Amino acid sequence: RLVLSEELTSRLVVHGGGLVLDLSAGFLLFFDATRPLALVFVTYFHCMNSQLFSIGMFSYTMLATNGLFCRPEWPRRLLACCPPWLRGGLPSIQPPQPSPDCHYGGRGARGRLRPRQHLAAAFTILYVLEQLFLPYSHFITQGYNNWTNGLYGYSWDMMVHSRFHQHVKITYRDGLTGEVGYLKPGAFTQSRRWRDHADMLKQYSACLSRLLPRYNVTQPQIYFDVWVSINERFQQRLVDPRVDLVRAPWSPWSPTPWLLPLLVDLSPWRQRLQELEAQLDGHTDTVFIADFPGLHLENFVSEDLGNTSLRVLRGQVLVELVEQQQNHSLQEGEGMQLPAGQYHKVHTVSPEPSCYMYLYVNTTALELEQNLTRLRELRERVRNGTEQSPLPPELRPILGEPLPAGVPLDPVVSLFLRREQREQRRERESSLAQRFQRFLRRKFFLFRR
């Protein structure tokens with residue numbers, strides 16, 4: 001931290017160092033001169049991954065394969081260092097002897113190849129061909145294809161797609177009574193990968209259909225509404241929310257009919273979306289939505305988001321205000337203000353997919369920031385003697401003074417003190433470059449006066 005900031009550490013050490021290691025580790029492990037250094041780096045890399053990411057046994061498997069790059073006699077050398085009384089239960093350390101099961105070739109070779117040796121060679125070749133073919137077998141295992149083709153774990157496009165899930169809703173319906181309820185996403189499972197894979201959604205729905213009868217839900221029907229953005233595209237649905245996945249068809253050999261397609265024709269919008277986000281201030285958030293004709297999005301605007309609006313970027317939508325029982329039709333380029341603390345529905349009524357954006361202004365957070373700024377300015381006026389009126393007792397802690405007995409601590413003052421502590425801790429932990437930059441900035445404004 002004294003040399004690099006957290007952002008530079010993440011960019012240079014974690015991402016840049018990981019890229020350099022991935023590109024050079026194989027070559028460094030291959031040569032005897034660089035192998036010890038490479039073993040240190042790759043061991044540290046895999047140990048760090050095992051602590052940072054939930055990737056199961058992958059890191060430990062990679063650690064075990066490090067020995068494959070060393071000379072073949074290293075296990076015997078290691079066992080030779082063991083005490084004699086321990087060698088009885090260990091493998092032999094004698095030099096390897098010719099095996100009758102192996103064919104060494106050359107002039108001294110005896111006999112012809114036996115059928116077992118032909119079979120072993122054929123099995124090895126088939127195994128290598130299988131591993132080369134699996135990443136291109138998506139036309140066979142079409143049921144595992146999603147927005148990115150291929151069975152999970154058997155594709156060459158791993159770790160190249162970024163996904164952001166805006167909303168996941170699981171709805172169940174009692175097959176006899178028609179009662180509708182909702183489940184917390186991830187209930188009865190510890191994995192999160194089911195949100196991106198149709199085959200896992202099918203398995204998850206089958207699991208829920210077996211478990212819900214224990215909670216007096218008869219013949220349950222399961223519906224998923226998964227909103228996800230891949231590679232900074234629009235948020236859109238992954239599966240059809242009108243399909244009961246318990247009874248929906250699925251086969252590993254045919255495409256999944258209830259999987260909604262990725263709107264690749266909207267990919268050129270990504271640059272435009274980044275430009276729109278760059279125009280926002282720190283208190284405004286935005287969400288870009290793309291939806292299919294005939295479907296609708298039900299959304300609730302929190303009371304803290306007092307200034308929320310919707311603007312149509314493409315297509316035509318019908319905004320239904322549930323409590324007010326009003327409908328508003330919006331064309332491309334039009335928008336409207338949404339009431340806070342209420343539900344609304346956005347219906348796509350155009351023949352093509354609609355695109356629209358939400359603009360959220362957190363009025364509560366904005367008001368809080370204004371109050372904190374007033375407290376900071378008040379403290380400066382008290383310290384430099386320009387404040388004439390006496391400071392109220394509940395505001396004395398902003399000067400570092402104790403709170404008078406019997407006076408409750410104001411929540412805004414408490415938040416102000418915690419933020420000041422974080423700022424002081426950040427300054428103590430900042431790098432030398434950041435401290436020098438802060439020093440130059442202060443001197444610049446001092447001389448500028």
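Descriptive notes on the structure:
- Candidates Lys169, Lys345, Lys184: whichever shows maximal mean-square fluctuation once the chain is modelled as a Gaussian network with Cα springs under 10 Å: Lys184
- Look at the dipole of the stretch 274-325 built from charges on Cβ: of His296, Gln324, Ala278, the Cα furthest out on the positive end belongs to His296.
- In loop segments of the stretch 1-109 as defined by DSSP, the GluC sites (Glu not before Pro) with at most 16 further C-beta atoms inside 10 Å of their C-beta are Glu73.
- Amide H contacts of Asn307 (H built 1.01 Å from N, in plane; Pro and chain starts excluded): Val361, Thr363 sit under 5 Å, all sequence-distant by 5 or more or on other chains.
- Hz values of 3J(HN,Hα) by residue in the stretch 328-340 - Karplus curve (6.51, -1.76, 1.60), Gly and Pro given as x: 10, 8, 10, 9, 4, x, 9, x, 7, 8, 10, x, 7
- Global form of the stretch 122-219, assessed from the alpha-carbon gyration tensor, a/c cut-off 1.5: prolate
- Column: log10 I(q)/I(0), Debye, Cα scatterers of the stretch 365-448, q = 0.12 Å⁻¹: -0.49
- Helical contribution to [θ] at 222 nm, DSSP H n ≥ 4, -39,500 (n - 2.57), averaged over the chain, rounded to 500: -11000 deg cm²/dmol
- Anisotropy class of the stretch 1-92 from Cα gyration tensor, a/c 1.5 cut: prolate
- Residues considered: Ser251, Ser350, Ser92. Largest GNM mean-square fluctuation over the chain, using C-alpha springs under 10 Å, is found at Ser92.
- Listed by Cβ neighbour count within 10 Å, with the fewest neighbours leading, Cys102, Cys355 appear as Cys102, Cys355.
- Using a Förster distance of 35 Å, the FRET efficiency for Phe133-Ser92 (Cβ separation, nearest 0.05): 0.35
- Shape of the chain, Cα gyration tensor, a/c cut at 1.5: oblate
- Extended-chain gain in nm, criterion 0.36 nm per residue less alpha-carbon gap, Glu380 and Asp32: 118.8 nm
- Remark: the stretch 61-78, residue by residue, has Karplus-estimated 3J(HN,Hα) of 5, 5, 5, 5, 7, 4, x, 5, 8, 8, 5, x, 8, 5, x, 5, 5, 5 Hz, where x stands for each Gly or Pro and the curve is 6.51 cos²θ - 1.76 cosθ + 1.60 at θ = phi - 60°.
- Evaluated at q = 0.12, 0.14, 0.24 Å⁻¹: base-10 log I(q)/I(0), Debye formula over Cα of the stretch 168-233: -0.32, -0.42, -1.06
- Considering only alpha-carbon pairs that sit under 8 angstrom and 6 or more positions apart, the relative contact order computed for the chain is 11 percent.
- Inter-label distance for Cys82 and Asn66, nm, one decimal - labels placed 7 Å from Cα along Cα-to-Cβ: 2.0
- Lys pairs under 20 Å by Cα in the chain, provided they are eight or more residues apart or on distinct chains: 4
- For the stretch 267-334 versus the stretch 15-36, the gap between their alpha-carbon centres in whole angstrom: 48
- ³J(HN,Hα), Karplus 6.51/-1.76/1.60, whole Hz, each residue of the stretch 208-223, x for Gly, Pro: 5, 5, 7, 8, 5, x, 5, 10, 6, 10, 8, 6, x, 10, 10, 10
- In this structure the amide hydrogen of Gly150, modeled in the peptide plane, comes within under 5 Å of the amide hydrogens of Asn145, none closer than 5 places in sequence on its chain.
- Distant-in-sequence amide contacts of Leu403, defined by a placed amide H-H separation under 5 Å and a gap of 5 or more residues or a different chain, comprise nothing.
- Taking every alpha-carbon pair under 8 Å whose residues sit at least 6 apart, the stretch 143-262 reaches a relative contact order of 31 percent.
All of the numbers you see were taken from the coordinates with simple rules; none came from a lab. Values in this document were obtained by computation on a predicted structure and should not be read as measured data. Note: ideal-geometry Cβ built from the backbone for every residue, glycine included; neighbour counts use all protein chains shown.
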